[in-house]
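Below: the structure, in structure tokens.
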Amino acid sequence: MKTRVWDEEYDVIVIGSGFAGLAAAIEARLHGSNVLVLEKMRTPGGNSAICGGLFAAAGSLLQAREGIEDNPELMLKDMLEAGAGLNHRELAKLVADRSVETLQWTIDYLGVEYKDSLNHLGGHTVARTYITKTGTGSGIIQPMLVKCRNLGVEIRMKTQLIQLLMDDTGRVEGVCVRSDYHFPKADSGILKCIKARRGIVLATGGFSNDLAFRLIQDPRLTENVDSTNHAGATAEGLIAAFEVGATPLQLCWIQLGPWASFDEKGWGVGSMFTLLAGFPYGIMVDANTGKRFVNEMSDRRLRTDAMLMSDRAPVTIVDSEGVKHATTLEKCLKRGVVKSFDSMEELASFHMIPLQPLQETLEMYKLHLLHGRDVEFGKPIPKDLRPIEKPPFYSIRLLPKVHYCMGGLRINTDTEVLRVTDGKTIPGLFAAGEVTGGVHGASRLGSNSIVECLAFGRIAGRNVAKRQY
């Protein structure tokens, strides 16, 4: 047996500094392990820091206050419906069951602050989504970073995972990394070997910005398709796990976000405008016909598929009442992502939408609201939904962008990574967050990612800290 020379040793190594990684690091530290978090980028947080800060919880205190009846069983039902039944039920159930507990952990332990209202996102039966006061995931990431610092968790930036290292028994015992790595320079940095006495938690996120890898899974997602993700959303964590025998699961299920703007790159400021105002309180029309063509509050896959049927960017329209729910309106107007018009005639002319069909669409939508039922597309009609008739009117052009990878590594409910050859666990290797697969099936519901990452991250941290080899 060859003895490997280690440059450093820790009890637990966490790869990735987003929601799942930091949650794992905190729990592992609380359970007695010294922990090293490795992050390849210059700043921590990854996609978690730039996301919309939306957190779904079934049976929360805000729901009780608002008289909204909800429970984990209904949340699970929504997840399975959006996921086309491809979800691994035991994983999805864990997310729903622990949603309120995990939310309360962020409030009571981390000190996260949320707005005092709920949002109803597409595919959810009821309003169950909290949003951070900052309106971004940084409202959770920053308190997590503070907690890590206070607990003595080391977070090391500019360190790229190259390889997971196994011992002669098949246990993952450490990592080979590039220290002082400068993304995206492949050969930058110095190679080091770091031992993990108890285990490794892989929390490297998805691969939405890994063009070569995503093209293998879905050849339609060429360089012409933008992504909402940060530049470092690449596949090397997945590949490293495959090299030690991990099971790939549903990798071709890649989600496009239907709420992203045609008039800006990446996530931008328009996404939250559409999520919180445009879709719930407005309508989306085909710019060629002036007609609605889909339930604006259906799940992301259904909306995206419908949007891609047209050769022009669809337009979402909301009035001065609905726009009150937008958190990024001023930024959107300043950057030209959202346009404001004094009349519907001006809006139609600007977007070259035929006016008469658009006016007919608005009148039909008004009738749906008056009767309390959208007979055309089945959009939920809550009590605060009003006809679109009070100027000024606001519009945003939309373009689906690669947003989330439902597929990843196969894990069990203890977050242990399972081997492809026999389905048994790979000793010493755990995973949590978007790097894993099976939770969401064919399509993830908005606001379900944060709860998934935190819930599974905490489980991973607790479990890896208990292991003795």
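Against the longest principal axis of the chain, how steep is helix 449-466, in degrees 0 to 90 to the nearest 10, with axes from Cα atoms?
Approximately 10 degrees, to the nearest 10.
Apply the a/c threshold of 1.5 to the C-alpha gyration tensor of region 420-469 and tell me whether it is rounded, prolate or oblate.
Oblate, since a/c reaches 1.5 and b/c is not below a/b.
With every protein chain present, what is the per residue accessible area of the chain (1.4 Å probe, Å²)? If you can, show how the numbers build up before the last one.
Working: 18750 Å² over 469 residues.
I get 40 Å² per residue for the chain.
Heavy atoms only, probe 1.4 angstrom, no DNA, RNA or ligands counted: give me MET157, MET406 ranked by accessible area, highest first.
MET157, MET406
Which GluC sites (Glu not before Pro) in region 160-236 pass both tests, a DSSP loop state and at most 15 other beta-carbon atoms within 10 Å?
For GluC sites (Glu not before Pro) across region 160-236 that sit outside H, G, I, E and B with at most 15 neighbouring Cβ atoms in 10 Å, the list reads GLU223.
Answer with one residue from ALA313, PRO280, TYR394: the one whose Cα lies farthest towards the positive end of the charge dipole of region 259-399, charges on Cβ with Lys, Arg +1 and Asp, Glu -1.
Projecting each Cα onto the dipole axis, the largest value belongs to PRO280.
Could you tell me the distance between the Cα centroids of region 32-99 and region 373-419, to the nearest Å?
Result: 14 Å between the Cα centres.
In terms of solvent-accessible area of protein heavy atoms at a 1.4 angstrom probe, what is the ranking of GLU360, GLU81, GLU69, highest value first?
The most accessible residue leads, giving GLU69, GLU81, GLU360.
When only Cα pairs under 8 Å and 6 or more residues apart are kept, what is the percent relative contact order across region 131-241?
The value is 18 percent.
Run the dipole for region 312-375 about the Cα centre, Lys and Arg Cβ at +1, Asp and Glu Cβ at -1, nothing else charged, and hand back the magnitude in debye, nearest 20. Spell out each step's value before the answer.
Numbers: 8 positive and 9 negative charges, 79 e Å.
Computed charge dipole of region 312-375: roughly 380 debye.
Using only the alpha-carbon atoms, how far is helix 19-30 inclined from the longest principal axis of the chain? Give it as 0 to 90 degrees, nearest 10.
Here the helix axis deviates by roughly 40 degrees.
Given SER261, VAL294, LEU362, which one lies farthest toward the positive end of the charge dipole of region 259-399, if we put +1 on the Cβ of every Lys and Arg and -1 on the Cβ of every Asp and Glu?
SER261
Determine the shape class of region 259-399: with a ≥ b ≥ c the square roots of the Cα gyration tensor eigenvalues, call it rounded for a/c under 1.5, and otherwise prolate if a/b is greater than b/c, oblate otherwise.
It comes out rounded by the Cα gyration axes.
From the helices alone, meaning DSSP H stretches of at least four residues, give me the mean residue ellipticity at 222 nm for the chain, per-run term -39500 (n - 2.57), in deg cm²/dmol to the nearest 500. Spell out each step's value before the answer.
Numbers: 15 runs with 141 residues, N = 469.
Taken over the chain, the calculation gives -8500 deg cm²/dmol.
Once you sort the root eigenvalues of the Cα gyration tensor of region 58-178 as a ≥ b ≥ c, which label holds: rounded (a/c under 1.5), prolate (a/b larger than b/c) or oblate (the other case)?
Working: a/c = 2.68, a/b = 1.48, b/c = 1.81.
Oblate, since a/c reaches 1.5 and b/c is not below a/b.
Counting only C-alpha contacts under 8 Å and six or more residues apart, can you give the relative contact order of region 259-399 as a whole percent?
Here the relative contact order equals 36 percent.
Anything over 28 Å Cα to Cα? Flag those among LYS93/LYS265; LYS147/LYS324; LYS339/LYS366; LYS334/LYS390; LYS133/LYS401, in the order listed. Show your work: numbers first, answer last.
On the way: LYS93/LYS265 35 Å; LYS147/LYS324 34 Å; LYS339/LYS366 22 Å; LYS334/LYS390 22 Å; LYS133/LYS401 25 Å.
Exceeds cut-off: LYS93/LYS265; LYS147/LYS324.
With both partners inside the chain, how many of the DSSP beta bridges are antiparallel, as a percent to the nearest 5?
On the way: 41 of 60 bridges.
Once the DSSP bridges in the chain are tallied, antiparallel ones form about 70 percent.
Can you give the longest stretch of the chain with no exposed loop site, where a site means trypsin sites (Lys or Arg not before Pro) in a DSSP loop (not H, G, I, E or B) with at most 14 other C-beta atoms within 10 Å?
Values: sites that count: LYS2, ARG4, ARG42, LYS133, LYS185, ARG220, LYS265, ARG312, ARG373, LYS383, LYS424.
It runs 43-132.
Would you mind calculating the relative contact order of the chain from Cα pairs under 8 angstrom and at least 6 residues apart, reporting the percent as a whole number?
For the chain, the relative contact order is 24 percent.
With +1 on the Cβ of every Lys and Arg and -1 on the Cβ of every Asp and Glu, and nothing else charged, how large is the dipole of region 1-158 about its Cα centre, in debye rounded to the nearest 20?
Dipole magnitude for region 1-158 comes out near 560 debye.
On a 0 to 90 degree scale, rounded to 10, what angle separates helix 72-82 from the longest Cα axis of the chain?
Its long axis makes an angle of about 80 degrees.
Quick check: net charge around LEU80, other residues with Cβ under 13 Å of its Cβ, Lys/Arg +1 and Asp/Glu -1? Don't jump to the answer; show the numbers that get you there.
Numbers: positive: LYS77, ARG89, LYS93, ARG444; negative: GLU73, ASP78, GLU81, GLU90, ASP299.
Local net charge: -1.
Compute, for ASP342, the solvent-accessible surface of its heavy atoms (probe 1.4 Å) with the complete set of protein chains present, and express it in square angstrom to the nearest 10.
It works out to around 110 Å².
Calculate the dipole size of region 259-399 relative to its Cα centre from +1 charges on Lys and Arg beta carbons and -1 charges on Asp and Glu beta carbons; express the result in debye to the nearest 20. All intermediate terms of the calculation are to be shown ahead of the outcome.
Numbers: 19 positive and 19 negative charges, 88 e Å.
It works out to roughly 420 debye.
The values are calculated or read from the model by the stated rules, or taken from the named source; none is laboratory data. Please read all numbers here as calculations on a predicted model, not as lab measurements. Quick reminder, even Gly has a Cβ in these numbers, built from the backbone with ideal geometry, and neighbours come from all protein chains shown. Surface areas here come from the heavy atoms of the whole protein model, side chains and all, with no ligands, DNA or RNA. Shrake-Rupley method; radii C 1.70, N 1.55, O 1.52, S 1.80 Å.
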